[in-house]
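K.L.:
Below is a structure I'd like to ask you about.
The values are calculated or read from the model by the stated rules, or taken from the named source; none is laboratory data. These numbers come from a predicted model, not from an experiment. Here the Cβ positions follow ideal geometry from the backbone for every residue, glycine too, while neighbour counts run over all protein chains shown.
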Amino acid sequence: MKKILFVASALLIAGAATAQNPDMKMNRNYVEINSSADTLVAPNKFRISITISEAPSKGKTTIADLEKSLATALKASGVDIKKQLVITGQSNTDGKRKDIYQYKNYLLTLTEPTMVETVFDELQANGIANASLTQSTRSDLKELQAQVRVKAMKNAQQTAGELAAAVGQKIGKAIVIEAYSSAPEAVAMRNVFAAKSGNALQADSMPDLNFNDVRVNQNVTVRFVLE
C-alpha cells in the first residue's frame, strides 16, 4: 500500500534571464515552485551480513565445519546459496599455520521479510551467531523514484497554475527544471542481530522482526513563464 504526501512552496518572481539561458527573453516574469512528493512502500530486498570465524581455543571448530553449518542453515531456510550468497572477505591463509584463525565474511540477499526471520532462526540453531541485518530497501527503487518525481512535477504545475490564476494570470511552459532526491529511508524496527562467538542467544530473547516501510522522496524546482 502506498501513501503519497505532497509538499509545495512557491515564490512569485519577476526575473530577468541570465546569459546562461540564451533561450529566455529578457525581463520575462515567472513563478518558481519548490515541490516534493513522498511515498511509503513495503521493503522487498534485504541484506544480511554474516561472519564465521575460528575461535582461539582448544578443540576449535574449523572454518570448514563452520562453512558446513552455514550451508545447512541456509538450505533449511530455502536459500539458493549460489544465487543469493556472496563472499565479501576472508583470511589470507591456507590453514597450515596453527596460530592463525581463519574467518570468512558473507553477504546474503533475500526478497521476503519472512525469510529474514527464518534465516536468523536457522543460523542460531546451527551455531552461527555473528549475523546482522544491514539493509532493507526496494529492488525497484529507481522506478519508484521516477514515479514519485513525475508526481512532484505535476503537483508543481498545479500549484503554479493556482497561484497565477489568483492574480489573473496563466502559466506557460516550464523554462527551468531541477530535480533531486533524498536518500531512501529503510529501517527495521529491530535491525541488528549480532553476537560474538560463545555468547549464546536464547531463542525467546529475540523479538519478531518488524520492518518500517521504505520512504521514497523526490524534489523538484520548476520555473513556469507567467502569461
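One line per residue, one yes/no per condition, for (1) assigned to a helix (DSSP H, G or I); (2) under 30 Å from Val220 (Cα atoms):
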residue: Lys82; (1), (2): yes, no
residue: Leu108; (1), (2): no, no
residue: Val116; (1), (2): yes, no
residue: Val150; (1), (2): yes, yes
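K.L.:
Here is a further query. Could you please let me know if Ile63 is touching a Phe, Trp or Tyr at 6+ places or on another chain (Cβ under 8 Å), crowded, with 18+ Cβ neighbours inside 10 Å and either farther than 24 Å from Gln218 by Cβ or modelled with pLDDT under 95 (or both)?
P.N.:
yes
K.L.:
Being at pLDDT 95 or above, among the aliphatic types (A, V, I, L, M), surrounded by 15 or more Cβ atoms within 10 Å (Cβ to Cβ) and out of contact with any strand residue (DSSP E or B) (no Cβ under 7 Å at 6 or more places or on another chain) narrows it down to one of Ala73, Ala17, Ala37, so name that one.
P.N.:
Checking each option against the conditions leaves just Ala73.
K.L.:
If I filter the range 96-117 for residues that are over 20 Å from the mean Cα position of the chain (by Cα), modelled with pLDDT of 95 or more and hydroxyl-bearing (Ser, Thr, Tyr), do I get at least one hit?
P.N.:
Looking through the range 96-117, none of the residues is over 20 Å from the mean Cα position of the chain (by Cα), modelled with pLDDT of 95 or more and hydroxyl-bearing (Ser, Thr, Tyr).
K.L.:
Test Asp204 against the criterion of being modelled with pLDDT under 80, in a helix (DSSP H, G or I) and either more than 30 Å from Asn34 (Cβ to Cβ) or not basic (Lys, Arg) (or both), and give yes or no.
P.N.:
yes
K.L.:
Of the residues Val176, Val187, which single one is in contact with a Ser or Thr (Cβ under 9 Å, 6 or more places away or on another chain) and modelled with pLDDT of 95 or more?
P.N.:
Testing whether each residue is in contact with a Ser or Thr (Cβ under 9 Å, 6 or more places away or on another chain) and modelled with pLDDT of 95 or more leaves just Val176.
K.L.:
I would also like to ask the following. Looking only at the range 100-157, how many residues end up being surrounded by 15 or more Cβ atoms within 10 Å (Cβ to Cβ) and within 30 Å of Ile177 (Cα to Cα)?
P.N.:
Final tally of qualifying residues: 14.
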